[in-house]
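The structure under discussion appears below in the form of structure tokens.
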Amino acid sequence: MPFDPQSSAFLATCRREPTERVPVWFMRQAGRSLPEYRAVRGDGSINTAIANPDLATEITLQPVRRYGVDAAILFSDIVTPVHAIGFGIDIKPGVGPVAEKPITSADDLRRLRPLDPEADTPYVLETIRNLVAEHDIPLIGFAGAPFTVASYLIEGGPSKNKARTKSMMLDAPELFTSILDRLADMAIVSLTSQVANGASAVQVFDSWAGCLSPDMYERYVLPASQKIFEAVAPLGVPRIHFGINTGELLALMRAAGADVVGVDWLVPLDVARQRLGPDSIIQGNLDPVLCLAQWPAVADAVRRVIAQNAGEPGWIFNLGHGVLPETDPAILERVVELVHAEAHLGGQ
Ligand code: 1CP
């Protein structure tokens with residue numbers, strides 16, 4: 001059955017409309033922790049799986065079947081567009097994105113040419129069309145925020161303190177700004193093509209923005225993210241903005257123009273609402289590590305998160321960051337059931 005947007009609790013919540021139940025989905029719900037993922041995925045690069053629309057469609061749907069979540073998220077990666085234009089970035093199993101030749105000078109900007117989604121990532125669009133044609137669930141499209149993607153291109157891979165990225169910000173601000181601007185343009189065309197092909201919401205992942213002070217974020221990063229949210233506003237779909245360690249950045253992240261702001265587990269939901277303003281719409285925030293505990297402790301943690309939302313509309317239940325690979329899927333199944341059964345709007 002094709003998707004009917006009117007019936008979606010997830011989309012209604014993204015507009016702060018009251019719903020019968022609090023919608024749930026999990027970042028990184030596809031992959032890693034699911035045995036059915038490991039069974040179909042094989043050993044190759046994740047890029048090979050992303051480039052195979054039948055496989056990517058199946059992997060996107062696996063958590064929907066298993067957990068009964070209220071939204072699907074496209075199986076792809078934040079570095080897929082940069083990989084597709086031939087920048088020279090791979091996703092190494094057990095590591096993450098690794099760039100062969102990190103950006104060190106303005107010469108490297110040539111390797112960041114504009115993205116043409118139809119020509120460069122046709123498989124992503126085919127996966128989206130497969131998903132929306134046959135399945136009655138909203139699909140979240142996504143892109144990496146310029147800062148988080150740039151951190152991989154500048155560092156050459158995952159990094160703890162983003163030293164090269166911050167040095168470039170300060171020592172070569174023009175180059176840094178040009179990189180972010182090109183990545184913003186790539187995110188805009190990518191998200192636009194995802195929505196044109198059927199995605200019904202978009203999330204911009206700025207996972208590592210929390211390593212920045214509010215001042216640095218505002219000066220060097222906010223303009224590029226703002227450009228994305230402004231450009232995709234006319235598409236008319238909800239726009240979600242996410243990062244971790246972003247307690248001090250929440251108001252700025254909302255100022256970037258998002259409809260929904262992700263909250264990590266370090267900030268209680270009621271505090272997040274104070275920082276974001278009275279009509280805010282939030283997504284979060286169970287600590288993913290707590291999902292490794294025995295069920296009674298997990299249930300208790302979920303109930304505390306429910307209590308912190310205090311019955312406010314405009315809340316999508318999620319983890320504060322992605323599902324950890326060692327998570328028992330049975331626990332996440334019970335989390336979904338518990339939120340659907342016990343989280344209600346309009347007072348606890
Ligand atoms: O549910 C899903 O899994 C959806 C698909 C998805 C998404 C939304 C993947 C597949 N990656 C992402 C986003 C993504 N990729 C982010 C933002 C979300 C987050 O912070 O978790 C980031 C930072 C990446 C980069 C990345 N790709 C990492 C992190 C590395 C680091 O710096 O710590 C890793 C490990 C990957 C590989 C990857 N991407 C996706 C999966 C399932 C995997 C695991 C490897 C595999 O199965 O081969």
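Is it the case that A187 is touching a strand residue (DSSP E or B) at 6+ places or on another chain (Cβ under 7 Å), closer than 15 Å to G144 by Cβ and within 16 Å of the ligand (Cβ to nearest atom)? So A187 fits the description; yes. The set of residues in the stretch 274-318 that are in a loop (DSSP other than H, G, I, E, B) and of a type in the set (G, A, S) comprises G277, S280, A293, A310, G311, G314. The set of residues from the stretch 264-273 being in a helix (DSSP H, G or I) and either more than 23 Å from the chain's Cα centre (by Cα) or among the β-branched types (V, I, T) (or both) comprises just one member, V271.
The stretch 5-117 holds helices (runs of 4 or more DSSP H) entirely within its bounds, and those carrying 2 or more residues that are crowded, with 19+ Cβ neighbours inside 10 Å and under 19 Å from the mean Cα position of the chain (by Cα) map to 9-14, 46-50, 53-67, 80-84.
Go over the candidates H344, H321 one by one and state the one that is in a loop (DSSP other than H, G, I, E, B) and either of a type in the set (S, T, N, Q) or touching a Ser or Thr at 6+ places or on another chain (Cβ under 9 Å) (or both).
The match here is H321.
Only one of the listed residues (V202, V124, V189) is part of a helix (DSSP H, G or I), within 22 Å of V260 (Cα to Cα) and hydrophobic (A, V, I, L, M, F, W, C). That residue is V189.
Taking the stretch 6-35 as the range and being without any contact (Cβ under 8 Å) to a residue 60 or more places away in the chain and within 16 Å of the ligand (Cβ to nearest atom) as the test, the residues that pass are A30, G31. Here the condition is being at pLDDT 95 or above, surrounded by 21 or more Cβ atoms within 10 Å (Cβ to Cβ) and part of a helix (DSSP H, G or I); of T148, T177, it holds for T148 alone. Taking each residue of the stretch 199-224 that is over 30 Å from P5 (Cβ atoms) and at pLDDT 95 or above and looking for partners that are of a type in the set (D, E, K, R) and within 16 Å of the ligand (Cβ to nearest atom) with beta-carbon atoms closer than 6 Å, six or more apart or interchain, yields C211/K162.
Of the residues screened, G157 is not one that is free of Cβ contacts under 8 Å to residues at least 12 places away in the same chain, assigned to a loop (DSSP other than H, G, I, E, B) and within 12 Å of the ligand (Cβ to nearest atom).
The values are calculated or read from the model by the stated rules, or taken from the named source; none is laboratory data. Keep in mind it's a predicted model, so treat the numbers as computed, not measured. Methodologically, a virtual Cβ is constructed for each residue, glycine included, from the backbone with ideal geometry; neighbour enumeration extends over all protein chains shown.
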